[in-house]
1. Based on this model, can you work out whether A:Leu194 counts as at negative phi, within 15 Å of the chain's Cα centre (by Cα) and surrounded by fewer than 17 Cβ atoms within 10 Å (Cβ to Cβ)?
2. Quick test of your reading of the structure: B:Gln222 fulfils all but one of (1) of a type in the set (S, T, N, Q); (2) within 30 Å of B:Ala288 (Cα to Cα); (3) touching a residue at least 24 places away in the same chain (Cβ under 8 Å). Name the failing condition by number.
3. Only one of (1) in a loop (DSSP other than H, G, I, E, B); (2) surrounded by fewer than 17 Cβ atoms within 10 Å (Cβ to Cβ); (3) at pLDDT below 90 is not met by B:Glu299, so which one is it?
4. Take the stretch B:97-109 and flag every residue that is more than 8 Å from chain A (Cβ to nearest Cβ) and either open to solvent by 40 Å² or more (accessible area, probe 1.4 Å) or at pLDDT below 95 (or both).
5. Only residues that are open to solvent by 50 Å² or more (accessible area, probe 1.4 Å) and of a type outside the set (D, E, K, R): list them for the stretch B:174-213, please.
6. Out of curiosity, is A:Val135 assigned to a helix (DSSP H, G or I) and open to solvent by 20 Å² or more (accessible area, probe 1.4 Å)?
7. Among the listed residues A:Leu164, A:Leu158, A:Leu201, identify the single one that is out of contact with any Pro (no Cβ under 7 Å at 6 or more places or on another chain), assigned to a helix (DSSP H, G or I), modelled with pLDDT of 95 or more and closer than 24 Å to A:Ala130 by Cβ.
8. If a residue has to be in a helix (DSSP H, G or I), open to solvent by less than 10 Å² (accessible area, probe 1.4 Å) and facing another protein chain (nearest Cβ under 9 Å) to count, how many in the stretch A:81-104 make the cut?
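The values are calculated or read from the model by the stated rules, or taken from the named source; none is laboratory data. It should be emphasised that the depicted structure is a prediction, and the values quoted were computed from it without experimental measurement. Neighbour counts run over all protein chains shown; Cβ positions are idealised from the backbone, glycine included. Accessible surface is based on the protein model in full, side chains and every heavy atom, while ligands, DNA and RNA are left aside. Shrake-Rupley method; radii C 1.70, N 1.55, O 1.52, S 1.80 Å.
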Amino acid sequence: MSNAAITSSPGVRALARKELRELRRHRMIVATAIVLPIAFLVLPVLNLLLYEPSRAIGGPDFAVGQAMFCFFLTPVIMPATMAAYGIIGERDQGTLEPLLTLPLSDRELLAGKVAAILLPTLGASFGIYALYMAVVALAVEPPVRSPALDWTWPFGLLLAAPLLALFSTLTGMFFSARSKDVRIAEHLSGLVLLPSMLPVLLIVTRTVEPSVLTWCVFAAAVAAIDAGLWRLVVRAFDRERAISTA
Amino acid sequence: MRCAGPAIECRAVTRRFGARTALHALDLDVEAGEIVGLLGPNGSGKTTTLRILATLLRPDSGTARILSWDVAAEPMQVRRLIGVMPERPSLYDRHPVEDNVRFWAEVHQVRDPGAAVARALEFAGVADRARDPAGSLSKGLKQRVALARAIVHRPPVLLLDEPSSGLDPSAAASMEGLIRDLAREGTTILLNTHRLAEAERLCDRVAILREGHLLQVGTPQQVRAALLGHIVEVEFAGLVDLPVRRAVESFPAVREVWWSPSAVRCRLSDAGRDTPELVARLVRAGAAIVAVRPAGDLERAYLELMSQPVPGSLAA
């Protein structure tokens with residue numbers, strides 16, 4: 001079954017719906033999904049609203065770059081907690097064993113879980129960025145407004161955020177499938193995810209110019225990593241191991 | 001669906017966990033519509049057997065089939081045909097009862113999930129709790145929801161791991177009734193249980209496992225007869241008199257006899273065949289018979305079996 005066929009399978013859609021209901025009812029995940037995007041919206045907006053050229057370190061481009069880093073960080077950090085719960089959460093509440101008796105292949109099972117994590121992550125990531133753009137357009141002073149509204153930023157975010165979110169989700173799922181404890185999975189994910197933000201840091205600080213070409217090359221590289229990571233996660237998911245580490 | 005043989009078929013199924021062999025070349029068939037109970041102490045291989053049939057574990061050697069589909073080679077087909085109820089209800093406690101069951105119906109692509117969920121909840125007797133969070137239910141009700149979930153797609157084969165574990169007597173009796181109803185509708189049921197009286201009442205056949213070896217398989221009567229001999233007990237209204245003693249002792253099918261003031265226990269050549277003749281002889285001798293019953297129950301037979309060494313073990 002191709003990856004496209006997997007995501008359209010009724011079983012995957014049913015699992016994704018179940019996962020979304022589950023995430024919605026999980027206090028810690030809901031708290032993370034609310035607090036993190038709010039923080040990543042408020043900090044950049046305040047940074048730009050209170051921008052004063054005389055006191056600022058670096059120019060307006062640097063201030064906008066700092067703000068943009070938060071928006072690229074959201075799709076990476078937000079899925080990590082949810083993904084860590086993906087397999088371990090099911091095991092801890094005793095639902096993994098019956099779940100594995102359902103007619104879902106390994107790929108369908110993982111695809112359903114990944115889809116349920118990507119939807120709220122991308123909703124929150126794009127939502128806070130849209131609010132940020134609105135505030136910038138209405139309230140930020142012209143010296144900062146112009147670089148903040150540079151169209152290469154939304155282009156880069158639209159292109160890279162889904163791929164970064166997928167990277168973070170798959171990393172979390174990998175460790176969730178192989179770890180015994182949610183916190184261990186979260187910590188290990190963090191160890192992989194934070195260094196991987198270095199290329200984004202280079203772009204937002206304009207060490208590498210944020211052009212269309214830059215974003216396309218970056219997106220292609222992340223997409224290639226995601227494809228490899230997906231294969232790795234599918235291979236790492238071992239049903240016997242998953243139920244026997246309970 | 002394809003099925004040329006038994007609904008459940010295990011051929012020399014062996015499973016090891018490290019150095020420990022949990023299942024030694026298990027051979028077991030379950031015919032369509034049969035209820036078969038797996039009995040045995042903890043660690044005897046009951047749950048391993050169910051997990052292999054549920055496609056959760058792969059056998060190291062041998063083959064296990066559900067309706068002719070190999071559980072190791074064709075797990076997706078097998079998963080479509082089975083309903084599994086684990087020992088713990090394993091529900092999504094934060095979700096309403098109906099959402100728990102609906103998820104199962106949707107993944108199994110049941111044509112009308114709403115109707116199927118309503119039917120399954122009705123059958124399990126939990127329709128009035130459909131909107132309650134599963135976590136708010138008692139253990140007995142959770143078990144019923146787990147059963148509703150396992151049958152929502154009307155599977156031809158049900159695998160139940162200790163379905164009445166932890167239930168009070170009335171909840172256990174109610175679960176027993178539900179299982180019997182499912183078998184009456186033609187569902188093949190393989191269940192694990194520690195409740196021997198329940199197994200004796202419910203199961204068409206029982207299979208007794210110990211340390212991964214299948215020690216006995218047969219109807220509860222056959223197992224009792226094999227382990228306790230063909231012993232029947234006859235209870236009289238008054239004291240035993242001489243004609244009654246002579247009637248028993250002159251019957252060639254009686255191998256051994258034990259008398260008490262108002263009862264007799266006889267080991268017969270074949271309890272099934274010889275009991276009617278024994279009773280007829282007693283009636284002719286003027287005995288006022290109160291009861292005739294097989295001596296010992298499945299529990300006694302089970303304990304007898306557990307006291308014997310395991311074949312193939314060092315003690316054997």
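1. yes
2. Going through (1) of a type in the set (S, T, N, Q); (2) within 30 Å of B:Ala288 (Cα to Cα); (3) touching a residue at least 24 places away in the same chain (Cβ under 8 Å) one by one, B:Gln222 breaks only (3).
3. In the conditions (1) in a loop (DSSP other than H, G, I, E, B); (2) surrounded by fewer than 17 Cβ atoms within 10 Å (Cβ to Cβ); (3) at pLDDT below 90, B:Glu299 misses (1) alone.
4. B:Glu98, B:Arg102
5. If the condition is that a residue be open to solvent by 50 Å² or more (accessible area, probe 1.4 Å) and of a type outside the set (D, E, K, R), then B:His194, B:Ala197 are the ones that fit.
6. Spelling it out, A:Val135 is indeed assigned to a helix (DSSP H, G or I) and open to solvent by 20 Å² or more (accessible area, probe 1.4 Å).
7. Matching residue, one of A:Leu164, A:Leu158, A:Leu201: A:Leu158.
8. Total meeting the criteria: 4.
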